[in-house]
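Below is one structure; the comments refer to it alone.
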Amino acid sequence: MDYKHSIDALRHSASHVMAAAILRLYPTAKLDIGPATDNGFYYDVELDKKLTQEDLEKIEAEMKKIIKENQRFERKELTRIEAQELIKKIGQERFKQGRLDDVPEGETITFYFNGEFCDLCAGPHVPYTKQIKAFKLLSIAGAYHRGDEKNVQLQRIYGTAFATQEELAQYLERLEQAKLRDHRKLGKDLDLFLIDESVGQGLVLWTGNGSIIRQQLQDFISEQLRAQGYQQVFTPHIGRLGLYRTSGHFPYYKESQFSPIIDREDLEKYAHEGCTCGQLANDIEKGEVDGFLLKPMNCPMHIKIFDSQPHSYRDMPVRLAEFGTVYRWEQSGELNGMTRVRGFTQDDAHLFVTPEQLDGEIQGCLQLVKTVFGTLGMKDYRVRIGLRDPDSSKYVGEAADWDAAENALRKAAQTLGVPFTEEAGEAAFYGPKIDFVVKDVIGREWQLGTVQVDYNLPKRFDLSYIGADNQPHRPVMIHRAPFGSMERFCGVLIEHFAGNFPTWLAPEQVRLLPINDELVSYAEEIGAQLKAVGVRFSIDAKADKLGAKIRRAEVDKVPQMLVLGAKEREAGKVSARSRISTALTGDFSVAAYIAKIREEIETRALPTLDPSAQKQGK
């Protein structure tokens, strides 16, 4: 058994031990499911009390007793009738009967027993409970039964388990680091963004500070796009429902879209005829009623721009780019700060290419993603090729087109020089894709940039260009977004840098620290020179000691500080302290410092110092 399967068995076993401990402590608890996850395990339970951290400690202590008993995990096969009787006998019909009903007819039904506990389960498990040597219960969260917010809300208890105490300790340390880097906390502390319930869950409000970071990233990617010959376009936030019927986004992604907005005339007609909401929804589904849809994707509108005028093969490729905001209906329990939202802006582009241009244009897209990651110091990443699942009906188009698209992406991935995997079932409904999975500085993985090849939407919209033979030909589309979404990318960046942004991204780049009131005028003179070259700065003119001013700048994570005393004023110099850069530390003439910081900004230099390793107030 490989490590992945063995650690899954260990964690799955730990979830059973946790469920057994819960029933010992709370005999009336109703159990739902308790699978292993990528980083641990959980169990969903219904209780007549709200669990607390103190309860977690009690459950953990009871788990240790069960583990010490060295109970054996025993697998038993039961008939469906035997399984129903057992579920009733142990008083777990509430959720387990439904889970039993999910097991297809003819499939083996298995239960696992350890001590007095048993559970409907396909396994696998470790042989004995004593093999669970390193585990920890972590948190409690709400979770709807079967993930449906229409169902009852359960309490989900999260835990983790590893083969050794050393691995567990390393993981718990990463969790502590993650808490310190949490973009939701840092976003509030640094005044970068907010989510206001009166505006709506999952809808990000960018503050002045956060908008600077976003604009700098947009300016950066726009430079790259201009160099590669992209045209910038703008499209509306809403479009006709029929447009998305043609593209296939409606109804393929219907469940993840906001409800259609129906024309007032149609609403009045249905109301006048006394029709129900269900009848209206059915007619929308069948296409008998049109309306508008909050834009879930930018591609159909870019297609319309391409199709608005004739194209020759000499015009190809046509590259259209937009920072386009789209809207998806995410379940409220899945929303998470900036990394899982309902409205987000993609650094989106769609390339319309000839088949002969496909390989070269994919390479250009991949190089763009690599440039983005390299500039931001995200050099530890892998590539995932999302392929269609041959057994699924969700994919559109012909097998030959899918084969060509998948082969093009395989060929491109092989040139990147980084590990890549192929995963069936991860393709978009219209075509396969390459996703970049980035590992941050504390080892967590994030799916960010994506490149997709699409033969299907050009067919659905009947796109064409005139070839060298003077005949119409079908273009191929490439969808690409190096950042993925500005919201998610910025959330990841906040955590990656722990809020200690490189100077070019920092909302406030320099803070001037006059050591007394008499030196404020000197700070203002230097500030005027910084402003003239576009450096973002502030002056801390509060009547405080220098140590307090330095601590404030460090708490605000300002990357560069200039200490200004009488000696500096007389010499026309500054005493520079940098939290992140060796090049910007020391004594400089004002002109030399400005030249240095401009170089740091213009080259988009990465931090060369670790701010967390520095002592505050020195």
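The values are calculated or read from the model by the stated rules, or taken from the named source; none is laboratory data. All values reported here derive from a predicted model rather than from experimental measurement. Using ideal geometry, Cβ is built from the backbone for each residue, glycine included, and neighbour counts are taken over all protein chains shown.
Remarks
- The requirement of being out of contact with any Asp or Glu (no Cβ under 6 Å at 6 or more places or on another chain), part of a helix (DSSP H, G or I) and either outside the structural domain of residue 454 (by TED's automatic domain parsing) or touching a residue at least 12 places away in the same chain (Cβ under 8 Å) (or both) is fulfilled somewhere in region 554-562, by at least one residue.
- Of the residues making up region 430-483, those that are under 30 Å from residue 174 (Cβ atoms) and of a type in the set (D, E, K, R) are 433, 435, 439, 440, 444, 445.
- Residue count for region 26-48 under the criterion of being exposed (fewer than 13 other Cβ atoms within 10 Å of the Cβ) and either outside the structural domain of residue 139 (by TED's automatic domain parsing) or more than 33 Å from the chain's Cα centre (by Cα) (or both): the result is 3.
- Some residue of region 268-287 being surrounded by 13 or more Cβ atoms within 10 Å (Cβ to Cβ), modelled with pLDDT of 90 or more and either of a type outside the set (Phe, Trp, Tyr) or assigned to a helix (DSSP H, G or I) (or both): no
- Some residue of region 571-585 being touching a residue at least 40 places away in the same chain (Cβ under 8 Å), exposed (fewer than 14 other Cβ atoms within 10 Å of the Cβ) and not assigned by TED's automatic domain parsing to the domain that holds residue 220: no
- Residue 405 vs. criteria within 28 Å of residue 243 (Cα to Cα), in a helix (DSSP H, G or I), touching a residue at least 24 places away in the same chain (Cβ under 8 Å) and in the same structural domain as residue 348 (by TED's automatic domain parsing): yes
- Residue in region 523-532 that is modelled with pLDDT of 95 or more and more than 23 Å from residue 212 (Cβ to Cβ) present: yes
- Scope region 359-375; condition under 18 Å from the mean Cα position of the chain (by Cα) and crowded, with 22+ Cβ neighbours inside 10 Å; matching residues: 369
- Restricting region 123-157 to residues that are among the aromatic types (Phe, Trp, Tyr) and surrounded by fewer than 18 Cβ atoms within 10 Å (Cβ to Cβ), the residue that is modelled with the lowest pLDDT: 144
Per-residue answers, yes or no, for (1) buried (at least 18 other Cβ atoms within 10 Å of the Cβ); (2) at pLDDT below 90; (3) not aromatic (Phe, Trp, Tyr):
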{"residue": "400", "(1), (2), (3)": "no, yes, yes"}
{"residue": "407", "(1), (2), (3)": "no, yes, yes"}
{"residue": "443", "(1), (2), (3)": "no, yes, yes"}
{"residue": "446", "(1), (2), (3)": "yes, yes, no"}
{"residue": "458", "(1), (2), (3)": "yes, no, yes"}
{"residue": "464", "(1), (2), (3)": "no, no, yes"}
{"residue": "478", "(1), (2), (3)": "yes, no, yes"}
{"residue": "498", "(1), (2), (3)": "yes, no, yes"}
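- Highlighted here would be strands (runs of 3 or more DSSP E) found entirely within region 410-511 that include at least 3 residues which are within 16 Å of the chain's Cα centre (by Cα), among the charged types (D, E, K, R) and assigned by TED's automatic domain parsing to the domain that holds residue 325, but there are none.
- Of all residues in region 536-553, those satisfying the criterion of being assigned to a loop (DSSP other than H, G, I, E, B) and out of contact with any helix residue (DSSP H, G or I) (no Cβ under 6 Å at 6 or more places or on another chain) are 536, 542, 543, 544, 545.
- The set of residues in region 52-64 that are of a type in the set (A, V, I, L, M, F, W, C), crowded, with 18+ Cβ neighbours inside 10 Å and either farther than 25 Å from residue 87 by Cα or in contact with a Leu (Cβ under 7 Å, 6 or more places away or on another chain) (or both) comprises 56, 59.
- Some residue of region 343-356 being among the polar types (S, T, N, Q), touching a strand residue (DSSP E or B) at 6+ places or on another chain (Cβ under 8 Å) and in a strand (DSSP E or B): yes
- Looking across 292, 344, 258, one residue alone is crowded, with 20+ Cβ neighbours inside 10 Å and either at pLDDT 75 or above or within 17 Å of residue 235 (Cα to Cα) (or both). It is 344.
- Of the residues screened, residue 601 is not one that is assigned to a helix (DSSP H, G or I), out of contact with any Phe, Trp or Tyr (no Cβ under 7 Å at 6 or more places or on another chain), at pLDDT 95 or above and of a type in the set (Val, Ile, Thr).
- Considering 59, 81, the condition of being more than 40 Å from the chain's Cα centre (by Cα) and of a type in the set (Val, Ile, Thr) is satisfied by 81 alone.
- Residue that is surrounded by the fewest Cβ atoms within 10 Å (Cβ to Cβ), among those in region 223-237 that are within 24 Å of the chain's Cα centre (by Cα) and at pLDDT below 95: 224
- Of the criteria (1) hydrophobic (A, V, I, L, M, F, W, C); (2) farther than 27 Å from residue 504 by Cβ; (3) exposed (fewer than 14 other Cβ atoms within 10 Å of the Cβ), which one residue 205 fails: (2)
- Check on residue 370, part of a loop (DSSP other than H, G, I, E, B) and under 20 Å from residue 414 (Cβ atoms): no
- Residue match in region 66-87 (condition: of a type in the set (Asp, Glu), modelled with pLDDT under 95, loosely packed, with under 12 Cβ neighbours inside 10 Å and at negative phi): no
- Check on residue 107, acidic (Asp, Glu) and surrounded by 14 or more Cβ atoms within 10 Å (Cβ to Cβ): no
- Top-ranked residue in region 530-543 [being surrounded by 14 or more Cβ atoms within 10 Å (Cβ to Cβ) and either over 40 Å from the mean Cα position of the chain (by Cα) or not aromatic (Phe, Trp, Tyr) (or both); ranked as farthest from residue 600 (Cα to Cα)]: 541
- Cβ pairs under 6 Å, 6+ apart, first in region 289-318 and assigned by TED's automatic domain parsing to the domain that holds residue 230 and hydrophobic (A, V, I, L, M, F, W, C), second buried (at least 18 other Cβ atoms within 10 Å of the Cβ) and assigned to a helix (DSSP H, G or I): 318/306
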